[in-house]
Structure formats: C-alpha cells, structure tokens
Amino acid sequence: MALGERDKITGQMTTGHEWNGIKELNTPVPRIVYFFLIAMGGFAILWTVLMPSWPGINGYFRGLLGADQHAAVIQSVEQAQVERASWTSRIDSEDFAAIQADEELMTIVRQTGAALFGDNCAACHGTNAQGGPGFPNLAAAPIMWGDDPEIVAETIRVGINGTSPETRFAQMLAFGRDQMLERADIDAVVAYVETLSQPDLVATADPAMLATGAELFAANCAACHGENAQGMIETGSPNLTDEHWIYGGDHSSIRSSVYNGRIGTMPSWEGRLTPTDIKLLTLYVLDLRASQ
Ligand code: HEC
Ligand code: HEC
C-alpha cells in the first residue's frame, strides 16, 4: 500500500488505496454532518428527559415537562361531551317539528346523523340510504309503515320481524311454495302486477290473463297491498305500482316474491342505540327524503 499522495487532477490527497490503477481520494465527511449528528443526538437525549420516555419497573419516566396524552384525551372527550350535551338535551326535549324548523339543530342532525347512519344502517340500506336488493330505499321510496316521524322512530326502535318483543311483523306469503295458488294463477297475477308499474306491458299481454290476474289480486293480495296495490301502512306492505322495489320489479323477481314469499328483517335498535340516536336517525332519514 503506497502512502497517500496528491492526485494530479483534483489536487486532493489520496488515501493511498489503489485498485487496478484506480485511486481513492481522501475526502473527509463534511464538518456540518458531524455537527448535525451531534446536535440531533443532543436533542434526542434532551427530549427523553423532557418527555415521557424510559420504561421502568413500576411505570415509566414521566418527563420534566409533565406532558400526558392520556389526560389530554380525557380532557378533550369531556370537552366534547359538554358540547354534545348542549344540543343532545335540546334534541331530547324538543318535538320533531320544532327540531325540523331549527336550522342550527338540523345542521347537527345532518352531521351526526350521517355518521350514525354510516356506522349502523349503511351496511344494509346503502351509504346514501338508497337501498339495494332486499333492502328498501329510505331516501325516496314510499315508507311502508308510515312517514310520520313518531312512526319512523318506532320502526327503528322495534324493528321489522326483529328480536324486540314489540317488533313490527310483515310477511309476504309464499303463494306457490305453500300451494295457495295454482301455477297458472301465479302466472296471471304476476303478469297483472307487472303491468301496474309498467303500463306499456298491457299492449303485449293477453287481456284474458290480465283480467284473471286482476281478480286474483283482489281476492288474494288486496287485503295486504290495498285495493289499488299502493301498499298499506297497517300491514307494512310495499306499493307495487311505482318504480321502487325491495326485491326487484322484473318478471322473475316478482314471480319469486309471489312464489316463495318474502320476509325481510330490519333489526330492533332499542338497547343498541340510545333514544337520542334513534331520534337523530329519524330526523336524518326524513331530512334525506325531504331533500330528494
Ligand atoms: C340487517 C340489515 C338492516 C340494517 C342494519 C338496518 N336495516 Fe332498516 N330495514 C331493513 C330491511 C330488510 C327493511 C325492510 C323490512 C321489510 O321489508 O319489511 C328495513 C326497513 C327500515 C325502515 C322502514 C321503511 C319503511 O318503508 O317503513 C326504516 C325506517 C329503516 N329500515 C331504518 C333503518 C335505520 C335508521 C337503520 C340504522 C339504525 C337501519 N334501518 C338498519 C334492513 C336493515
Ligand atoms: C299477508 C299480507 C300479504 C299478502 C296477502 C300479499 N302480500 Fe305481497 N307483500 C307483503 C309484504 C309485507 C311484503 C314485503 C315483504 C318484505 O319486505 O319482506 C310483500 C311484498 C311483495 C312483493 C315484493 C315487492 C318488492 O318491493 O320487491 C310482491 C311482488 C308482492 N308482495 C306481491 C303480492 C301478490 C301478487 C300478492 C297476492 C298473490 C301478495 N303480494 C299478497 C304482504 C302481503
């Protein structure tokens, strides 16, 4: 190994190492880098002294500044509860109409309602309450059990075919599977029901079949769905004449509803949500409907 010599091109000293004619320049690490390393190390040590840091046998070193994230969280939660209490007491005590007329409260309803709906209801009813196969559209479809706020709140509280002893009960009978109607009669009543929401189909359907279907409907279905098939609050049955369907308005979905029956389950929320939350959700859902 040759001693360090000066490199002719750069004028720098070399380290004296040489590999196949390539020599290494002796360029030291800049001082500023050492300075930063020392400054950072010093800061790190200082920080462990000021802030909670070293673990010990009975806990940990709490730091000279006394910073405590736990206390900070508890404080901010308490703060939030105080702020929340200022409006939850108004939501609890005021009636639906008064809250609906109060823009300030409705802003809170829209914010907290959206979060509550996202956490508890969106899995079935969709993020925007638009529903999906098997789950009704709460934002636009006519409300089966009635859209009075007290009634909607009650539906959410007790559920439909839910586990609450007071739950609402609604069932579409299985006319085919339980042999309540012959196959031909099912075909006729399904053809008739299809024309209720799609009047264009009347032109191509067999008039005799539609007439039979209408008679069968009056005899077997009207008691629950109403004479005009627009649904009945008393039985919680859906309107069959509009574009909103829970299970589908195409031929095979309607046929399947009539043949196999349907029994959708809306959970009972009492016990899982507070009365305030149920009231907030009622207001939130009705507000979505109003803004459609
Ligand atoms: C497990 C799925 C599921 C969840 C979660 C759910 N729902 Fe429902 N909900 C349903 C089904 C299914 C129906 C329709 C039942 C029927 O067809 O008879 C329904 C019906 C309703 C109705 C009655 C609609 C009408 O036309 O009368 C309201 C109101 C409602 N849900 C609100 C809510 C709210 C608010 C939440 C959240 C707290 C929620 N639902 C969570 C499945 C669910
Ligand atoms: C005992 C009451 C009752 C009778 C009788 C009844 N229905 Fe229903 N029907 C319901 C209820 C309740 C639902 C909603 C079921 C659900 O959501 O789980 C329903 C749902 C339906 C649906 C599905 C609607 C959708 O939105 O997807 C169709 C179609 C239907 N009924 C047609 C008929 C026809 C046709 C008859 C007569 C042959 C009939 N129903 C008789 C109570 C009844």
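The values are calculated or read from the model by the stated rules, or taken from the named source; none is laboratory data. Just so it is clear, the model here is predicted, and its values are computed rather than measured. Because the Cβ atoms are built from the backbone with ideal geometry, glycine has one as well, and the counts that use them run over all protein chains shown. Accessible surface areas use protein heavy atoms only, side chains included; no ligands, DNA or RNA. Shrake-Rupley method; radii C 1.70, N 1.55, O 1.52, S 1.80 Å.
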Chymotrypsin sites (Phe, Trp or Tyr not before Pro) within the stretch 60-128: which are DSSP loop residues with at most 14 other Cβ atoms inside 10 Å? PHE61
Please identify, among VAL190, VAL49, VAL158, the residue showing maximal mean-square fluctuation in a Gaussian network model of the chain using a 10 angstrom Cα cutoff. VAL49
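Can you check how the C-alpha radius of gyration of the stretch 183-260 compares to 2.2 N^0.38 Å, as a plain ratio?
After normalising by residue count via 2.2 N^0.38 Å, the value is 1.00.
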Label points 7 Å out from Cα along the Cβ direction at ASP7 and PHE36: separation in nm? 2.2
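Which value, in nm² and rounded to one decimal, describes the direction-averaged projected area of the C-alpha convex hull of the stretch 1-160?
Seen from a random direction, the Cα hull of the stretch 1-160 projects 25.0 nm² on average.
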Under a 10 Å cutoff between Cα atoms, tell me which one of VAL193, VAL152, VAL77 has the largest fluctuation in the Gaussian network model of the chain. VAL77
For the chain, set up a GNM with springs between Cα atoms under 10 Å and report which of ALA153, ALA219, ALA188 has the largest fluctuation. ALA219
One-quarter of the Cα convex hull surface for the stretch 41-96, in nm²? 6.3
Taking only Cα atoms, what is the 0 to 90° angle, nearest 10, from helix 207-220's long axis to the longest principal axis of the chain? 80
Magnitude of the charge dipole, the stretch 122-215, Cβ model with Lys/Arg +1 and Asp/Glu -1, debye to 20: 360
With only Lys, Arg, Asp and Glu charged, each at its Cβ (+1 for the first two, -1 for the last two), find how big the charge dipole of the chain is about the Cα centre; round to the nearest 20 debye. 1800
Along principal axes, Cα extents of the stretch 158-224, largest first, whole Å: 47, 26, 17
Which part of the stretch 261-292 falls in the paramagnetic zone of MET106, meaning amide N under 20 Å from the point 7 Å along Cα-to-beta-carbon? 277-292
Given a 1.4 angstrom probe, what's the average accessible area per residue across the stretch 24-75, in square angstrom? 88
Inter-part distance where the stretch 27-87 and the stretch 172-228 are each reduced to a Cα centre, Å: 73
Computed over the chain: longest principal axis from alpha-carbon atoms vs helix 183-197 long axis, angle to nearest 10 degrees, is 70
accessible surface per residue for the stretch 183-260, probe 1.4 Å, DNA/RNA/ligands not counted, whole Å² -> 52
Computed over the stretch 80-126, the ratio Rg/Rh where both radii use C-alpha atoms and Rh is Kirkwood: 1.03
Return the carbon/sulfur percentage of the accessible area of the chain, one whole number, probe 1.4 Å, all protein chains in place. 59
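So what is the relative contact order for the chain, in percent, with contacts set as C-alpha pairs under 8 Å and at least six apart?
Values: 358 pairs, mean separation 56.5, N = 292.
Worked out over the chain, it gives 19 percent.
Which value, in Å³ per residue, describes the convex hull spanned by the Cα atoms of the stretch 120-188?
Dividing the Cα hull volume of the stretch 120-188 by its residues yields 141 Å³.
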If you average 1/r over all unlike Cα pairs in the stretch 14-60 and invert the result, what Kirkwood radius do you get in angstrom? 14.5
Please give the helix 149-158 orientation as an angle from the longest Cα principal axis of the chain, in degrees from 0 to 90, rounded to the nearest 10. 70
Where does the chain land on the Kirkwood hydrodynamic radius, alpha-carbon pairs, in angstrom? 25.7
